[in-house]
Amino acid sequence: MEILGTCSELLVAFLKPHGIIAVHNDGIVTVPEHSNHRFVLQVYESGENTVSLEAMCRLPSGQLMIERLAGIGDTQKDAILDVQTNFANSVFHVWLSALLGKPNQFAKEYVWKVNGINRNITVGFPTARGEFEAGANSGWQEAWHSAVRELPLSSETHWASICYCQNAGKLLACDTLIDNNDCESAKEKVLSFAWPARDKFYLIRQFLIIQEKT
């Protein structure tokens with residue numbers, strides 16, 4: 001994929017209404033109140049009038065959190081706007097709550113037992129494309145969240161995402177990622193759910209962050 005550049009300045013604009021001062025310098029965004037975090041939004045050309053975005057955060061522990069998103073449009077400019085909207089809907093509000101201490105109406109906070117230990121969980125709203133309302137059927141979320149709760153995770157911060165898509169009733173892809181890596185046990189549990197068949201394409205995704213219970 002060809003690198004088109006960064007759009008990290010978008011994060012500065014998104015944070016301002018929440019009273020968070022952020023600094024953009026050479027593609028990297030820092031937040032003085034959380035000085036050990038580093039944020040980057042990197043955009044790539046992935047096809048004709050399609051782009052991908054890597055939403056990255058370097059955590060104080062040194063871990064690199066990455067969430068990859070897609071954008072489509074009639075032009076490349078439209079695709080970039082689409083992927084920026086996708087970032088806002090899928091990732092930004094989870095970052096805002098879990099990493100920057102600003103709970104908001106677009107991310108829910110829970111305490112789950114993960115591998116038997118209480119953890120703080122911040123879950124983004126599910127997002128969808130095509131013929132499926134992401135929030136209309138909670139069964140897939142129950143399967144996904146149950147898979148996450150069974151993972152043998154360390155006490156560090158972790159992150160997880162699901163992206164499921166099908167077309168004409170046939171599975172196209174099911175990605176279940178934990179800390180940027182494929183997680184087969186979670187995938188098996190998610191695929192055991194009876195996903196609704198639709199005549200046309202649909203895609204759902206959800207992003208969440210797992211932290212120590214405070």
Could you tell me which numbered condition Ser185 fails, if it satisfies all but one of (1) among the small types (Gly, Ala, Ser); (2) under 22 Å from Ser61 (Cβ atoms); (3) assigned to a helix (DSSP H, G or I)?
(2)
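Step by step: first the residues of the stretch 37-51, then only those that are of a type outside the set (A, V, I, L, M, F, W, C) and in contact with a Ser or Thr (Cβ under 9 Å, 6 or more places away or on another chain), then the one that is nearest to Glu9 (Cα to Cα). Which residue is that?
Among those residues, the one meeting the criterion is Gln42.
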Kindly list the number of the only condition in (1) aromatic (Phe, Trp, Tyr); (2) within 26 Å of Asn181 (Cα to Cα); (3) open to solvent by 50 Å² or more (accessible area, probe 1.4 Å) that fails for Phe14.
(2)
Restricting the stretch 174-214 to residues that are among the hydroxyl-bearing types (Ser, Thr, Tyr), under 22 Å from Asn120 (Cα atoms) and open to solvent by 60 Å² or more (accessible area, probe 1.4 Å), which is modelled with the highest pLDDT?
Ser185
If we keep only residues of the stretch 25-63 that are at negative phi, assigned to a loop (DSSP other than H, G, I, E, B) and of a type in the set (Asp, Glu), then the residue least open to solvent (accessible area, probe 1.4 Å) is Glu33
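Would you be able to say whether some residue in the stretch 96-111 is at pLDDT 90 or above, over 18 Å from the mean Cα position of the chain (by Cα) and open to solvent by 20 Å² or more (accessible area, probe 1.4 Å)?
So far as the stretch 96-111 goes, yes, one or more of its residues are at pLDDT 90 or above, over 18 Å from the mean Cα position of the chain (by Cα) and open to solvent by 20 Å² or more (accessible area, probe 1.4 Å).
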Matching residues in the stretch 60-81 - criterion: being farther than 17 Å from Thr157 by Cβ, in contact (Cβ under 8 Å) with a residue 12 or more places away in the chain and more than 12 Å from the chain's Cα centre (by Cα):
Gly71, Ile72, Gly73, Asp74, Thr75, Gln76, Asp78, Ala79, Ile80
So which residues in the stretch 83-106 are in contact with a helix residue (DSSP H, G or I) (Cβ under 7 Å, 6 or more places away or on another chain) and more than 20 Å from Glu54 (Cβ to Cβ)?
Lys102, Pro103, Asn104, Phe106
List the strands (runs of 3 or more DSSP E) that sit entirely inside the stretch 64-162 and contain at least 1 residues that are over 17 Å from Ile210 (Cβ atoms) and not basic (Lys, Arg).
64-72, 127-130
So, in the stretch 106-151, how many residues would count as being touching a residue at least 60 places away in the same chain (Cβ under 8 Å) and of a type in the set (Ser, Thr, Tyr)?
2
Any idea which residue in the stretch 122-160 is modelled with the lowest pLDDT, counting only those that are open to solvent by 10 Å² or more (accessible area, probe 1.4 Å) and among the polar types (S, T, N, Q)?
Asn137
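The values are calculated or read from the model by the stated rules, or taken from the named source; none is laboratory data. From a predicted model like this one, the values you see are computed outputs, not experimental measurements. With ideal geometry, Cβ positions are generated from the backbone for all residues, glycine too; neighbour counts draw on all protein chains shown. Only protein heavy atoms, including side chains, enter the accessible area calculation; ligands, DNA and RNA are left aside. Shrake-Rupley method; radii C 1.70, N 1.55, O 1.52, S 1.80 Å.
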